[in-house]
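Colleague: Below is a structure I'd like to ask you about.
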Amino acid sequence: MAIMITDECINCGACEPECPNTAIYEGGVEWSWAGGTDLSGDIQLPDGSTVDADELHEPFSDEFYYIVTGKCTECTGFHEEPQCAAVCPVDCCVEDPDNEESEEDLMQKKEWMHA
């Protein structure tokens, strides 16, 4: 299950530097697949579509920090627990019930991004 940031976020920024996948962005900041990963050039996403890893995408939130679900591995392969949740002072980094993934799926995603 990926992690999400709720609208209770106070924009402290404690979570962003803790993410080993650079899946966390400040509100209003565009994101890319390449940022913080080994992905480059044209990449094939799990849904079969192809995108340029360096292409910038619209932010998911303009108001508070957000997590790109496709890049979130819950820190699998890096840490014992999601680091964003561990450092969040208001406990707004929580499991996203709409994006359930097995430990195996999370490890495959980590290996895809960090070949």
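Colleague: Quick check: anything in segment 29-52 in contact with a helix residue (DSSP H, G or I) (Cβ under 7 Å, 6 or more places away or on another chain), outside any loop (DSSP other than H, G, I, E, B), at pLDDT 95 or above and under 17 Å from Ile5 (Cβ atoms)?
Modeller: Within segment 29-52 (the criterion being in contact with a helix residue (DSSP H, G or I) (Cβ under 7 Å, 6 or more places away or on another chain), outside any loop (DSSP other than H, G, I, E, B), at pLDDT 95 or above and under 17 Å from Ile5 (Cβ atoms)), the answer is no, since none of the residues qualifies.
Colleague: If you scan segment 11-39, which residues turn out to be without any contact (Cβ under 8 Å) to a residue 40 or more places away in the chain, small (Gly, Ala, Ser) and in contact with a strand residue (DSSP E or B) (Cβ under 9 Å, 6 or more places away or on another chain)?
Modeller: Result: Gly27, Ser32, Ala34, Gly35.
Colleague: Quick check on segment 1-51: of everything there that is charged (D, E, K, R) and more than 16 Å from the chain's Cα centre (by Cα), which residue is nearest to Glu103 (Cα to Cα)?
Modeller: Going through the qualifying residues, I end up with Asp47.
Colleague: Filter segment 81-109 down to the residues that are hydrophobic (A, V, I, L, M, F, W, C) and within 13 Å of Ile67 (Cβ to Cβ), then identify the one that is surrounded by the fewest Cβ atoms within 10 Å (Cβ to Cβ).
Modeller: Looking at the filtered set, the residue picked out is Val94.
Colleague: Thr37 passes all but one of (1) of a type in the set (Ser, Thr, Tyr); (2) out of contact with any Ser or Thr (no Cβ under 9 Å at 6 or more places or on another chain); (3) surrounded by 14 or more Cβ atoms within 10 Å (Cβ to Cβ); which number fails?
Modeller: All conditions pass for Thr37, except number (2).
Colleague: Sticking with this structure for a sec: Quick check, is Glu74 in a loop (DSSP other than H, G, I, E, B), surrounded by fewer than 17 Cβ atoms within 10 Å (Cβ to Cβ) and of a type in the set (Asp, Glu)?
Modeller: In short, no.
Colleague: Failed condition for Glu8, given (1) closer than 20 Å to Met113 by Cβ; (2) in contact (Cβ under 8 Å) with a residue 60 or more places away in the chain; (3) surrounded by fewer than 17 Cβ atoms within 10 Å (Cβ to Cβ), with all others met?
Modeller: In the conditions (1) closer than 20 Å to Met113 by Cβ; (2) in contact (Cβ under 8 Å) with a residue 60 or more places away in the chain; (3) surrounded by fewer than 17 Cβ atoms within 10 Å (Cβ to Cβ), Glu8 misses (1) alone.
Colleague: Report, by residue number, each residue of segment 53-71 that is in a strand (DSSP E or B) and either touching a Leu at 6+ places or on another chain (Cβ under 7 Å) or over 19 Å from His114 (Cα atoms) (or both).
Modeller: His57, Tyr66
The values are calculated or read from the model by the stated rules, or taken from the named source; none is laboratory data. Note that the coordinates shown come from a computational prediction; the quantities given were computed from them, not determined experimentally. We place every Cβ from the backbone using ideal geometry, glycine too, and count neighbours over all the protein chains shown.
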